[in-house]
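The next block holds one structure in the form of structure tokens; read it before the comments.
The values are calculated or read from the model by the stated rules, or taken from the named source; none is laboratory data. Since we're looking at a predicted model, the values are computed, not measured. Using ideal geometry, Cβ is built from the backbone for each residue, glycine included, and neighbour counts are taken over all protein chains shown. Remember, those area values only see protein heavy atoms, side chains included, never the ligands or the DNA or RNA. Shrake-Rupley method; radii C 1.70, N 1.55, O 1.52, S 1.80 Å.
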Amino acid sequence: MSLPNHVRLVEVGPRDGLQNEAQPISVSAKVRLVDDLTEAGLAYIEVGSFVSPKWVPQMAGSAEVFAGIQQRPSVTYAALAPNLRGFEDALAAGVKEVAVFAAATEAFSQRNINCSVSDSLKRFKPIMAAARSHGVRVRGYVSCVLGCPYEGKVSAEQVAPIARELRDMGCYEVSLGDTIGTGTAGDTRRLFEVVSAQVPREQLAGHFHDTYGQALANVYASLLEGINVFDSSVAGLGGCPYAKGATGNIASEDVLYLLQGLGIETGIDLDRLIAAGQRISQVLGRSNGSRVARARMAQ
Ligand code: HMG
Ligand code: MG
């Protein structure tokens, strides 16, 4: 399969990147991060989550973040919604696109959203109906597609029907999440081969955490499988609160550098993206998780 001319990066730093942070992060720092990402040319930014603040305290201020950001009409600003309550809160905050999230394993589903996989899919149906009537687009996630912190290895055959169900209920795109970053390039290729028999490749995205240092290889393996949407996190921020030890997503700067090297268009300015990552890394008081950013800063 030939490589695509254009790839869309879904910037999940403000959500997946920050959701696991124990230290308080001000609304203004989050707003600044999203505005910096808009300035860098990202066309899609996941800004926050409308989830229970008891489960994920860091996302509690998401409505305020939405109220504070400078939105450009050409950019999608999205939020996670696990149930109808979350969807309604997102709608009230003016959100125009939401993401629902299911898991490939029962244990992760219970830990993450306190219900079985099939109950979670049932819970999403009223969200889909409400979203349709309000003209809100819905993206779907499947977590633990290559491994689960509680159940171990996960087969592609386990993932495919869940991705299919999300697509069939109306998700325009389904992002496959290697939540704990254990997958390797061969597993990734097989995953997309198997899942694409149920959901067209144009409706699939890759979401790779870099815990085992495999994320960039997995992005390349996905490109070879005809996938052209990837979730990434500026400065490699993050992790999932319900997957202990899981590190951040692949750093957006590192994916962008790879794509630029392959001659693939994204519309993103690498220098501005690096500046955005540096600023939030300083706010958090930690070193930048992007190798490309570190190399550039050292020059
Ligand atoms: P529950 O405790 O079963 O919910 O949680 P409940 O319906 O029984 O309600 C309990 C309380 O939560 C009630 O409040 C509700 O009002 C409230 P109380 O009466 O106790 O004061 N509540 C809410 N509050 C705010 N917003 C809401 C909401 N819903 C109920 N939407 C629930 C179920 C789904 C709410 C909970 O488990 C939850 O919020 N989970 C979120 C977990 C999460 O955000 N995980 C991280 C994102 S997923 C991820 O990172 C993976 C991904 O990146 C892909 C990958 O890497 O694989 C996407
Ligand atoms: Mg994630």
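From the phi angles alone, apply the Karplus equation (6.51, -1.76, 1.60; θ = phi - 60°) to segment 130-142 and give each ³J(HN,Hα) in whole Hz, x where the residue is Gly or Pro.
Each residue of segment 130-142 in turn: 5, 5, 4, 6, 9, x, 9, 7, 10, 9, x, 10, 10 Hz.
Tally up the carbon and sulfur contribution to the accessible surface of the chain as a whole percent, 1.4 Å probe, everything protein left in place.
In the chain, the share of accessible area belonging to carbon and sulfur is 50 percent.
For segment 19-140, take the convex hull of the Cα atoms, compute a quarter of its surface area, and give me that in nm², please.
7.5 nm²
Quick query: amide H of residue 137 versus all other amide H atoms, modeled in the peptide plane; which residues come in under 5 Å with a sequence gap of 5 or more or a different chain?
Here 98 satisfy the definition.
Sort 30, 96 by heavy-atom solvent-accessible area, probe 1.4 angstrom, most to least.
Solvent-accessible surface, decreasing: 96, 30.
Which shape class applies to segment 216-299: rounded if a/c is under 1.5, otherwise prolate when a/b exceeds b/c and oblate if not, where a ≥ b ≥ c are the square roots of the Cα gyration tensor eigenvalues?
It is oblate, given that a/c is not under 1.5 and a/b is not larger than b/c.
Mind grabbing the base-10 log of I(q)/I(0) for segment 1-81 at q = 0.19, 0.23, 0.25 Å⁻¹? Debye formula, identical points on the C-alpha positions, no solvent, two decimal places.
Debye intensities relative to I(0), on a log10 scale: -0.76, -1.05, -1.21.
Taking H as built 1.01 Å from N, whose amide H comes closer than 5 Å to the amide H of residue 44, not counting residues under 5 places away?
Close amide H contacts, sequence-distant or interchain: 11, 76.
Can you bin segment 210-263 into rounded, prolate or oblate? Criterion: square roots of the alpha carbon gyration tensor eigenvalues sorted a ≥ b ≥ c, rounded for a/c under 1.5, prolate for a/b above b/c, oblate for the rest.
Because a/c hits 1.5 or more and a/b exceeds b/c, segment 210-263 counts as prolate.
For segment 172-213, count the residues as N, evaluate 2.2 N^0.38 Å, and divide the Cα radius of gyration by that value, please.
Taking the Cα Rg and dividing by 2.2 N^0.38 Å, one obtains 1.15.
Largest first, what is the accessible-area ranking of 232, 155 with a 1.4 Å probe?
155, 232
Sequence gap of 8 or more, or different chains, plus Cα separation below 26 Å: how many lysine pairs satisfy both in the chain?
11
Stokes-Einstein at 10 °C, 1.306 mPa s, Kirkwood radius from Cα pairs: D for segment 156-299 in µm² s⁻¹?
For these conditions, the coefficient is 101 µm²/s.
In square angstrom, what is the accessible area per residue of segment 1-45 with a 1.4 angstrom probe?
37 Å²
Relative contact order of segment 27-184, please, whole-number percent, based on alpha carbon pairs below 8 angstrom and at least 6 residues apart.
This gives 18 percent for segment 27-184.
Compute the length gained on full extension between residue 21 and residue 194: take 0.36 nm times their separation in residues and subtract their Cα-Cα distance, giving the result in nm to one decimal.
Difference between extended and current length: 58.8 nm.
Between segment 124-143 and segment 65-122, how many Å separate their Cα centres?
Here the two parts' Cα centres lie 9 Å apart.
Quick one: 3J(HN,Hα) in Hz for segment 49-55, Karplus 6.51/-1.76/1.60 with θ = phi - 60°, rounded, Gly and Pro as x.
9, 9, 10, 5, x, 6, 7
Once the piece of chain linking residue 55 and residue 244 is laid out straight, how much longer is it, given 0.36 nm per residue of separation minus the C-alpha distance between them?
66.6 nm
Once you list every other residue whose beta carbon is under 11 Å from the beta carbon of residue 218, what net charge do they have if Lys and Arg are +1 and Asp and Glu are -1?
Summing Lys/Arg as +1 and Asp/Glu as -1 gives -3.
What accessible area per residue comes out for segment 73-224, rounded to a whole number of Å², with a 1.4 Å probe?
38 Å²
Need one word for the chain: rounded, prolate or oblate. Basis is the Cα gyration tensor (sqrt eigenvalues a ≥ b ≥ c); a/c below 1.5 gives rounded, then a/b vs b/c decides.
rounded
Rounded to the nearest 500, what is the chain's calculated 222 nm mean residue ellipticity when only DSSP H runs of at least 4 contribute -39500 (n - 2.57) each, over all residues?
That calculation yields -12500 deg cm²/dmol at 222 nm.
How much length is gained on full extension from residue 157 to residue 39, taking 0.36 nm per residue of separation minus their Cα-Cα distance?
38.5 nm
With a cut-off of 8 Å between alpha carbons and a minimum separation of six or more residues, what is the relative contact order of segment 1-118 in percent?
Normalised by residue count, the contact order of segment 1-118 is 22 percent.
Among 18, 219, 259, whose Cα lies farthest out toward the positive end of the dipole of the chain, if unit charges sit on the beta carbon of Lys, Arg (+1) and Asp, Glu (-1)?
Sorting the options by dipole projection puts first 18.
Which ³J(HN,Hα) values, rounded to whole Hz and listed in residue order, are derived for segment 60-77 from phi using the Karplus coefficients 6.51, -1.76 and 1.60 in 6.51 cos²θ - 1.76 cosθ + 1.60 with θ = phi - 60°, glycine and proline given as x?
Listing the rounded values in order: 4, x, 4, 5, 5, 5, 4, 5, x, 6, 8, 8, 9, x, 7, 10, 8, 10 Hz.
If I ignore ligands, DNA and RNA and count only protein heavy atoms, how much of residue 150 is accessible to a 1.4 Å probe, in Å² to the nearest 10?
Surface open to solvent at residue 150 totals about 90 Å².
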